[in-house]
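Notes follow once the structure below has been shown.
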Amino acid sequence: MPWGAELGSTGDSALFAGRDLVCVHRGTDPIEANLLQGLLDSEGIPAAVTGADLVGGYSGVPRVCDVRLLVPQRYREQAAGVLERYQHERPGSGEWACGGCGEANAATFESCWSCGRDAAGEARS
């Protein structure tokens, strides 16, 4: 199957026709891949996601899927820089423990979901 046929029906195939595409991100999460595609697009880097259509077919077995983010070869370094910046700037995936009640909170929470104390330990009124 030619690359253009895999890239979707939104006119992307014309944008990528005749270009050597390289993979700049590989994973199992089509939502993250589409988010990264939008990020690259906002930086003027044409990008396409492949393999996302297969995820639903493997319900419960996500590791089987291979979702890739592709860019034309000439944008490879620029895309790598944008993706590296994304990795460093995105919220951590860890948790923090509330100093007031001891509850575990997602790293993205600014205050405790249980007692309302903020992450820095200040009590909120």
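Annotations
- Residue in the stretch 66-103 that is surrounded by the most Cβ atoms within 10 Å (Cβ to Cβ), counting only those that are of a type in the set (D, E, K, R), modelled with pLDDT of 85 or more and within 13 Å of the chain's Cα centre (by Cα): Arg68
- Residue within the stretch 5-12 that is closer than 25 Å to Gly81 by Cα and modelled with pLDDT under 55 present: yes
The values are calculated or read from the model by the stated rules, or taken from the named source; none is laboratory data. All of these numbers come straight from a predicted model, not from anything done at the bench. In this analysis, Cβ positions are derived from the backbone assuming ideal geometry, glycine residues included, and neighbour counts consider all displayed protein chains.
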